[in-house]
Amino acid sequence: MTTIIALIPAIPFLSFLILALFGHKLTRKLAGFIGAGSIGMVALFTFIVAIGFFKSLPEVKSYSVTIWEWINTGNLKVDISFSLDALSLVFCFVITFVGFLIHVYSIGFMSKDEGFSRFFAYMNLFIGSMLVLVLADNILLMYLGWEGVGLCSYLLIGFWYKEPANGYAARKAFIITRIGDTAMIIGIFILFLNFGTVNINELMQQASGKWASGSSLAVLTAALLLCGALGKSAQLPLQTWLPDAMAGPSPVSALIHAATMVTAGVYLIARTHVLFSLAPVVQSAIAIIGALTLLIAGFSALAQHDLKRILAYSTISQIGYMFLALGVGAWSAAVFHFMIHAFFKALLFLGAGIVILVLNEEHDIFKMGGLRKKMPVVFITFLIGSASLSALPLITAGFYSKDEILWYAYSSQSGSILLWLAGIVGALLTALYSFRMIFITFYGEAKTEPAFNPGKLMTVPLIVLAVLSLVGGYVELPASIGNIHLFSNLVDNTLPVVVVKAGENQEILFQLLSAIIALTGIYIAYLIYFKKPSLSEPFSHSRINKYFEKGWGFDKLYNTLFVNPVVWLSVIDKNDFFDWWNIGIARLALMFNSLLSYAQNGKLRWYLMSFAIGIALILTYMLSK
Amino acid sequence: MLTVSIETQILFAGILFFLGLIGLLVRRNMIFMLMSIEIMFNSAGLVFIIAATHWKQPDGQVMFIFILAVTAVEVSIALALILQVYHHFKTLDADAVNKLKDHN
Amino acid sequence: MDVFFYIAASVAIISTILAISGRNAIHSLLYLILSLLAISVVLYLLNAPFIAALEVIIYAGAIMVLFIFVTMMLNIGIERETEKKWLNPRMWIVPSILALILLVNLILALKNVKSIPADNNVILPKQVGISLFSTYLLAVEIAAILLMAGVIGAYHLGSQKKKVKHRFLEIK
């Protein structure tokens with residue numbers, strides 16, 4: 001059992017090596033087979049491990065395996081060791097299974113691209129790093145995986161490197177997440193300084209023993225770790241990189257920026273929840289940040305006209321929901337929403353990828369239309385995904401997960417009606433923008449004709465994800481509907497149960513409210529964008545729409561505050577003292593070259609003259625001795 | 001029989017050699033350069049004979065015969081090369097054959 | 001006997017100077033032949049009659065004649081104007097200074113040579129022949145191979161590709 005756990009992160013790294021070293025010699029079929037097959041194998045292993053894990057509950061709650069010793073100096077002793085518990089198992093399942101479907105899709109999507117094997121190498125490296133992140137036993141190894149996924153995100157966003165804008169977007173993503181990463185490593189330093197260990201379980205135990213609730217050290221460390229999570233998960237104020245990261249290929253957006261990497265922040269906070277319980281200030285900050293982000297992103301998504309940017313802002317918004325859940329202490333609800341969100345967001349991104357590919361790289365939804373009849377499979381799966389996103393009541397999985405969060409936002413110990421209000425407005429916005437997307441893209445008359453029909457490699461993963469978006473919610477039904485708690489029972493082995501302060505009969509009221517709001521949002525979208533498009537005209541040309549579209553001006557703010565001064569400084573400093581030194585050496589060499597090249601002018605008599613002068617000099621010198 | 005001192009003899013050969021050197025450095029026509037080289041060869045051989053007389057051995061004369069053979073070969077090949085250069089460059093100017101220069 | 005040496009030496013030097021400063025190629029070559037004849041006289045005076053004969057036969061008779069033939073073939077007598085242009089007196093200064101320096105060096109170097117009085121010992125061809133074919137046999141063989149190489153090389157280097165001139169095509 002433990003060997004299989006050790007193999008789970010190892011296999012993607014192995015296939016990364018094979019593809020990186022020999023990828024250009026392999027045929028496309030073989031490269032795709034290795035790339036997707038390795039993740040399929042890992043998914044199978046996860047499944048086997050999961051069965052073993054379920055069988056051994058509730059006695060054994062976690063498995064550990066140490067591979068080798070990494071650092072051993074002074075009092076710092078770090079091993080490469082993995083530990084699997086319920087939280088890691090859920091994350092592993094999502095990463096490997098959704099990752100496998102996305103890899104299969106990519107074989108079809110990237111089939112005409114020249115960097116085929118390079119793509120799969122990077123994707124496998126990413127999956128390997130992400131698995132290291134969620135399976136890590138100590139926080140330093142988790143940081144290794146954290147940095148690894150950041151690197152792969154950079155490599156994959158700028159995958160089509162010949163276009164300079166892609167490189168700019170990749171650098172922006174990397175730099176902004178770097179700000180968060182720096183805060184996180186300082187937090188890790190403080191933890192090690194105080195407790196002398198980096199093992200997460202030991203850290204949490206010692207922290208709950210030594211630090212009082214609300215002590216300044218706990219607040220500082222929790223705040224620093226929160227900054228790291230904010231950067232990776234694209235929450236306020238570090239959310240500006242995610243919409244620009246849509247410059248990468250759609251499978252990348254599906255895997256990294258919907259299902260896995262952006263949820264690393266959620267994982268971090270869930271993993272170190274003890275620390276956050278010791279700093280209630282920080283935990284309420286998480287909830288507030290989550291609420292604000294989901295509202296801001298929801299408004300921004302309403303004003304976009306690039307298909308992938310709508311989905312990017314939607315991702316920011318949904319992760320805001322997860323942060324909201326974490327902030328009020330509803331740990332299992334956050335993880336549940338993460339799983340369901342992975343399903344339908346990956347589905348939406350893959351579907352958007354097909355639409356963009358088939359319409360010859362057309363991203364503007366106002367130039368699409370009428371795809372309902374022409375691409376029925378894509379339309380139906382996309383519809384299911386959007387319905388799950390909008391939390392259509394009772395039939396979609398999204399309803400159950402989002403509803404759980406909304407309920408706990410109000411009813412949990414640290415919840416409040418304000419947070420619930422933010423959540424419900426966000427739900428309305430979600431329904432609005434997702435069905436706006438559906439109506440404009442798939443209905444109406446076709447402004448661009450699709451060039452070809454997508455093959456099975458691309459549509460079968462869509463169908464699988466669509467089915468999961470519908471039935472995935474049935475593992476966790478609230479008490480009023482089915483009272484199935486398979487998921488929370490699993491996760492509560494690791495994370496504490498949420499403490500509720502309101503009664504269960506109020507729950508039905510809130511569920512009804514969220515169902516009504518979702519349906520209202522869909523109806524309004526139907527009215528404005530389908531029946532009478534003219535109703536949306538005054539809004540779409542207003543100044544507030546422009547403000548929403550630019551992401552509430554955050555890009556402009558950061559540019560003015562940070563980017564422009566640094567660029568101005570470096571332009572001024574272009575020819576400073578150290579540059580003179582380097583340029584001077586080069587100029588000296590060039591001067592010598594031009595001097596000496598006079599001596600090589602090809603003229604025979606010149607050379608003879610130099611002979612004669614040399615002989616005269618040497619003889620004179622020898623005779624003078 | 002000859003009471004001229006050996007310094008004078010070698011000086012004579014030296015003057016001939018340096019005349020050849022001057023001719024080599026000054027002239028631009030390749031035939032003249034070759035001719036100057038011949039003068040230098042000849043004066044070197046003269047020094048060998050002077051030495052042979054001085055030490056009363058035939059080795060210097062043997063050396064002169066070898067120099068003669070080498071000169072003959074060298075002249076014939078050099079003239080063949082000059083012919084080729086003339087056919088290619090249409091001139092006998094030594095400065096015109098500067099294609100190996102550093103194009104800076 | 002010394003006076004003959006001085007006369008022959010001055011003839012050689014004067015004709016060499018005329019050879020290297022002449023403008024007409026054929027004239028310069030003929031001056032050079034004259035210089036070689038004078039040197040041959042000097043060689044005879046130096047108790048090497050065989051070598052004197054060889055100098056005239058091979059050097060003046062074969063090598064210089066080869067020179068003259070090639071010069072005539074190249075037809076460069078016409079270019080007297082270019083020669084005049086190329087030979088301005090200013091160009092003689094620096095090489096002369098150089099040669100003067102070297103000459104001074106030579107004179108200084110010769111000061112330590114002690115001279116053995118000459119005698120009437122003529123070195124006969126027989127001695128030279130015996131020396132050639134006993135002590136220096138290997139060198140003779142190598143010189144023979146060198147001459148063969150020279151013949152082959154000169155033949156090969158002197159050949160030009162046949163120019164087939166058809167009326168309508170010109171293949172070089």
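Sort out which residues of the range A:378-414 are assigned to a helix (DSSP H, G or I) and in contact with a Pro (Cβ under 8 Å, 6 or more places away or on another chain), and write them in order of number.
The answer is A:V378, A:F399, A:Y400, A:D403, A:E404, A:W407.
Table: residues versus (1) under 27 Å from the mean Cα position of the chain (by Cα); (2) part of a helix (DSSP H, G or I); (3) at pLDDT below 90; (4) buried (at least 16 other Cβ atoms within 10 Å of the Cβ).
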{"residue": "A:I11", "(1), (2), (3), (4)": "yes, yes, no, yes"}
{"residue": "A:S15", "(1), (2), (3), (4)": "yes, yes, no, yes"}
{"residue": "A:L21", "(1), (2), (3), (4)": "yes, yes, no, no"}
{"residue": "A:G37", "(1), (2), (3), (4)": "yes, yes, no, yes"}
{"residue": "A:V42", "(1), (2), (3), (4)": "yes, yes, no, yes"}
{"residue": "A:F47", "(1), (2), (3), (4)": "yes, yes, no, no"}
{"residue": "A:F54", "(1), (2), (3), (4)": "no, yes, yes, no"}
{"residue": "A:V60", "(1), (2), (3), (4)": "no, no, yes, no"}
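Pick from A:S106, A:S153, A:S129: which is without any contact (Cβ under 8 Å) to a residue 24 or more places away in the chain and under 18 Å from the mean Cα position of the chain (by Cα)?
A:S129
Considering only residues that are free of Cβ contacts under 8 Å to residues at least 24 places away in the same chain and either more than 7 Å from chain C (Cβ to nearest Cβ) or surrounded by fewer than 19 Cβ atoms within 10 Å (Cβ to Cβ) (or both), which ones fall in the range B:5-26?
Once the filter is applied, which keeps residues that are free of Cβ contacts under 8 Å to residues at least 24 places away in the same chain and either more than 7 Å from chain C (Cβ to nearest Cβ) or surrounded by fewer than 19 Cβ atoms within 10 Å (Cβ to Cβ) (or both), the range B:5-26 yields B:S5, B:E7, B:T8, B:L11, B:G20, B:L24.
Quick one: would you say A:Y443 is hydroxyl-bearing (S, T, Y), in contact with a helix residue (DSSP H, G or I) (Cβ under 9 Å, 6 or more places away or on another chain) and within 21 Å of A:F93 (Cβ to Cβ)?
The answer is no for A:Y443.
Among the residues of the range C:8-21, are any at the interface with chain B (Cβ under 8 Å from one of its Cβ atoms), in a loop (DSSP other than H, G, I, E, B) and within 29 Å of C:L124 (Cα to Cα)?
no
To keep it simple, each residue is scored yes or no on (1) surrounded by fewer than 24 Cβ atoms within 10 Å (Cβ to Cβ); (2) more than 21 Å from A:S250 (Cα to Cα).
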| residue | (1), (2) |
| --- | --- |
| A:Q413 | yes, yes |
| A:L418 | yes, yes |
| A:L421 | yes, yes |
| A:A446 | yes, yes |
| A:L462 | no, no |
| A:V467 | yes, no |
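Could you tell me which of the residues A:S88, A:S117, A:S83 is in a helix (DSSP H, G or I), small (G, A, S) and within 25 Å of A:G265 (Cβ to Cβ)?
A:S88
Identify all residues within the range C:22-67 that are outside any helix (DSSP H, G or I), facing chain B (nearest Cβ under 10 Å) and within 30 Å of C:S96 (Cα to Cα); write none if there are none. Give the steps one after another, and end with the answer.
From the range C:22-67, those outside any helix (DSSP H, G or I) are C:22-24, C:46-48; that's our starting set.
Filter once more, so that each one left must be facing chain B (nearest Cβ under 10 Å): C:22-23, C:46-48.
Result: C:G22, C:R23, C:L46.
A:A427: in contact with a helix residue (DSSP H, G or I) (Cβ under 7 Å, 6 or more places away or on another chain) and either surrounded by fewer than 24 Cβ atoms within 10 Å (Cβ to Cβ) or in a helix (DSSP H, G or I) (or both), yes or no?
It is true that A:A427 is in contact with a helix residue (DSSP H, G or I) (Cβ under 7 Å, 6 or more places away or on another chain) and either surrounded by fewer than 24 Cβ atoms within 10 Å (Cβ to Cβ) or in a helix (DSSP H, G or I) (or both).
Conditions tested, residue by residue: (1) surrounded by 13 or more Cβ atoms within 10 Å (Cβ to Cβ); (2) modelled with pLDDT of 80 or more.
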| position | (1), (2) |
| --- | --- |
| A:P538 | no, no |
| A:Y558 | yes, yes |
| A:V563 | yes, yes |
| A:V571 | no, yes |
| A:L588 | no, yes |
| A:L596 | no, yes |
| A:R605 | yes, yes |
| A:I613 | yes, yes |
| A:L617 | no, yes |
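Residue-wise test of (1) at pLDDT 85 or above; (2) over 25 Å from A:W606 (Cβ atoms).
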| residue | (1), (2) |
| --- | --- |
| B:G60 | yes, yes |
| B:L68 | yes, yes |
| B:V85 | yes, no |
| B:A96 | no, no |
| B:L100 | no, no |
| B:N104 | no, no |
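Looking at (1) more than 8 Å from chain B (Cβ to nearest Cβ); (2) over 20 Å from B:T71 (Cα atoms), which is the one condition that is false for C:M1?
(1)
Is it true that some residue in the range A:287-309 is touching a strand residue (DSSP E or B) at 6+ places or on another chain (Cβ under 9 Å) and either among the acidic types (D, E) or surrounded by fewer than 21 Cβ atoms within 10 Å (Cβ to Cβ) (or both)?
yes
Check B:L34, B:L79, B:L2 and return the single one that is within 7 Å of another protein chain (Cβ to nearest Cβ) and within 30 Å of C:R23 (Cβ to Cβ).
B:L79
Within the range A:374-427, track down each residue that is polar (S, T, N, Q) and touching a Gly at 6+ places or on another chain (Cβ under 8 Å).
Step one: of the range A:374-427, the residues polar (S, T, N, Q) are A:381, A:386, A:388, A:390, A:396, A:401, A:411-414, A:416.
Within the range A:374-427, A:T381, A:S388, A:S390, A:T396, A:S401, A:S412, A:Q413, A:S414 meet the criteria.
Do we have any residue at all in the range A:342-356 that's under 25 Å from A:P496 (Cβ atoms), crowded, with 22+ Cβ neighbours inside 10 Å and either of a type outside the set (A, V, I, L, M) or not assigned by TED's automatic domain parsing to the domain that holds A:A223 (or both)?
For the range A:342-356, residues under 25 Å from A:P496 (Cβ atoms), crowded, with 22+ Cβ neighbours inside 10 Å and either of a type outside the set (A, V, I, L, M) or not assigned by TED's automatic domain parsing to the domain that holds A:A223 (or both): present.
Table: residues versus (1) under 30 Å from A:A165 (Cβ atoms); (2) at pLDDT below 90; (3) touching a Phe, Trp or Tyr at 6+ places or on another chain (Cβ under 8 Å); (4) among the β-branched types (V, I, T).
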position	(1), (2), (3), (4)
A:M184	yes, no, yes, no
A:F189	no, no, no, no
A:V198	no, yes, yes, yes
A:A207	no, yes, yes, no
A:K210	no, yes, yes, no
A:S216	no, yes, no, no
A:G228	yes, no, yes, no
A:L236	yes, yes, no, no
A:P249	yes, no, yes, no
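Would you be able to tell me the number of residues in the range A:369-411 that are surrounded by fewer than 24 Cβ atoms within 10 Å (Cβ to Cβ) and either within 25 Å of A:S111 (Cβ to Cβ) or in contact with a strand residue (DSSP E or B) (Cβ under 9 Å, 6 or more places away or on another chain) (or both)?
Qualifying residue count, the range A:369-411: 8.
Across the range C:1-32, what is the number of residues that are surrounded by 20 or more Cβ atoms within 10 Å (Cβ to Cβ), among the hydrophobic types (A, V, I, L, M, F, W, C) and closer than 13 Å to B:M35 by Cβ?
5
The values are calculated or read from the model by the stated rules, or taken from the named source; none is laboratory data. Just so it is clear, the model here is predicted, and its values are computed rather than measured. Methodologically, a virtual Cβ is constructed for each residue, glycine included, from the backbone with ideal geometry; neighbour enumeration extends over all protein chains shown.
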